[in-house]
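Take this structure, written in structure tokens, and hold onto it; I'll ask about it next.
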Amino acid sequence: MNDLKKIVIPIAGLGTRMLPATKAIPKEMLPIVNKPIIQYIVEEVLEAGFKEIIFVTHSSKSSVENHFDTSFELEAALEKRVKRALLKEIKSISKLNLVIHTIRQGEAKGLGHAILCAKSLVGKEPFGIALPDMVIKSSNKNNLTLMKTAFKKNGCSSILLGKAKKEQISKYGIVKLKKNNLVSKELKIESILEKPSLKKAPSNLFAVGRYIFRNEFMEYLSEIKPDKGGEIQLTEAIDMYLKNDNELLAFRLDGKFYDCGDKLGYLIANIEYAKEDPYLKKEILKYLKNKK
Ligand code: UTP
């Protein structure tokens, strides 16, 4: 019952904050150093042991699917030019040990609506959600692995929380934690508020884009009406789920997050990953040092 195989990755948004770069290129295909953002996310969910990815996609995003497919022409060209290391790397992307399903969200009607589009592919099983614009670099163990392991034991839905700076609070879903009881060390969520003002924010802890839900959550999502902007919000469904006495465990982010849906976060991610790239490390550090 607690066997968690599927994870939904919604990629059907418009990516307006990154325009004009995202006019013809999906946000998820923008590179961090030399790998598209989506590849970092797929590697993270694969490492956590998910076996099936459900991309909720859009007609303009076929390059994401193509990226994980075999490219015979490219492979033949690399073979001919004896570029063995590159050939190995390119082949490995299309030979990942997982099944990729895709389903379309014809119109961007919000994140909640995107997840709902995956309902038939999720079926009666529990499922994860990973938002592709939040790139996470864990410092010890993969955060999704910890959440997935806990789910196997306790069957509880969970959410990963990051710490927002003051200026970030009004950009994210902010949670209120339940008062900790002395018996259990588990952190539980009491409520969640979408993009509150600093004054109304119940804490500085925000949903960093990794979730695990019991299957019933889909029923709550189906009940949510579009907001003033015509979007179905995931946050509203989570709050309704909590108000109906469902448990949602909180996991604190181990490591760093980069909001790559936003210009600054995207640029910082590029610098940070470049600083760890074996070929770029020395030069980029030298460059940054001389700029100070
Ligand atoms: P965001 O709101 O951060 O992404 O949604 P966006 O809408 O693409 O970007 P901006 O705000 O216009 O710059 C978080 C995730 O949910 C997906 C997005 O693709 C992104 O990965 N999403 C959002 C959908 O799949 N469908 C939607 O209707 C909305």
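For the structure I just gave you, tell me whether F55 is without any contact (Cβ under 8 Å) to a residue 60 or more places away in the chain and within 16 Å of the ligand (Cβ to nearest atom).
Values: without any contact (Cβ under 8 Å) to a residue 60 or more places away in the chain: yes; within 16 Å of the ligand (Cβ to nearest atom): yes.
The answer is yes for F55.
Results for (1) touching a strand residue (DSSP E or B) at 6+ places or on another chain (Cβ under 8 Å); (2) within 16 Å of the ligand (Cβ to nearest atom); (3) open to solvent by less than 60 Å² (accessible area, probe 1.4 Å), shown as yes or no for each residue.
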site: A77; (1), (2), (3): no, no, yes
site: R81; (1), (2), (3): no, no, no
site: V99; (1), (2), (3): yes, no, no
site: Q105; (1), (2), (3): yes, yes, yes
site: H113; (1), (2), (3): no, yes, yes
site: E125; (1), (2), (3): yes, no, yes
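Would you list the strands (runs of 3 or more DSSP E) that sit entirely within the stretch 43-156 and hold 2 or more residues that are under 15 Å from the mean Cα position of the chain (by Cα)? Break it down stepwise before answering.
On the way: elements: 52-57, 99-104, 127-130, 134-137.
Passing ranges, in order: 52-57, 127-130, 134-137.
Next question. Within the stretch 13-27, which residues are of a type outside the set (A, V, I, L, M, F, W, C), open to solvent by 30 Å² or more (accessible area, probe 1.4 Å) and under 19 Å from the mean Cα position of the chain (by Cα)?
Of the residues in the stretch 13-27, the ones of a type outside the set (A, V, I, L, M, F, W, C) are 13, 15-17, 20, 22-23, 26-27.
Next, from what is left, pick out any that are open to solvent by 30 Å² or more (accessible area, probe 1.4 Å): 13, 16-17, 20, 23.
Passing the criteria: G13, T16, R17.
Residue check: is E167 open to solvent by 40 Å² or more (accessible area, probe 1.4 Å), within 21 Å of A269 (Cβ to Cβ) and at pLDDT below 95? Explain how you work it out, then say what you get.
Numbers: open to solvent by 40 Å² or more (accessible area, probe 1.4 Å): yes; within 21 Å of A269 (Cβ to Cβ): yes; at pLDDT below 95: yes.
Yes; evaluated as a whole, the condition is true for this residue.
Could you check S60 against (1) at pLDDT below 90; (2) touching a helix residue (DSSP H, G or I) at 6+ places or on another chain (Cβ under 6 Å); (3) surrounded by 13 or more Cβ atoms within 10 Å (Cβ to Cβ) and say which number it fails?
For S60, the failing item is (2).
Where in the stretch 212-292 are there helices (runs of 4 or more DSSP H), lying wholly inside it, with at least 2 residues that are open to solvent by less than 40 Å² (accessible area, probe 1.4 Å) and over 26 Å from T22 (Cβ atoms)? It would help to see each step written out before you state the result.
Numbers: elements: 217-223, 234-243, 263-274, 281-291.
In the stretch 212-292, 217-223, 234-243 are the helices (runs of 4 or more DSSP H) which contain 2 or more residues that are open to solvent by less than 40 Å² (accessible area, probe 1.4 Å) and over 26 Å from T22 (Cβ atoms).
Consider the stretch 10-32. How many of its residues are more than 6 Å from the ligand (Cβ to nearest atom) and touching a strand residue (DSSP E or B) at 6+ places or on another chain (Cβ under 8 Å)?
4
Considering L161, L187, which residue is open to solvent by less than 40 Å² (accessible area, probe 1.4 Å) and either touching a strand residue (DSSP E or B) at 6+ places or on another chain (Cβ under 6 Å) or of a type outside the set (S, T, N, Q) (or both)? Quick ask: steps written out before the conclusion?
Values: L187 fails: open to solvent by less than 40 Å² (accessible area, probe 1.4 Å).
Residue meeting the stated conditions: L161.
The values are calculated or read from the model by the stated rules, or taken from the named source; none is laboratory data. Predicted, not measured: the structure shown is a model, and the values here were computed from it. Because the Cβ atoms are built from the backbone with ideal geometry, glycine has one as well, and the counts that use them run over all protein chains shown. Areas reflect the complete protein model, heavy atoms only, side chains present, ligands, DNA and RNA absent. Shrake-Rupley method; radii C 1.70, N 1.55, O 1.52, S 1.80 Å.
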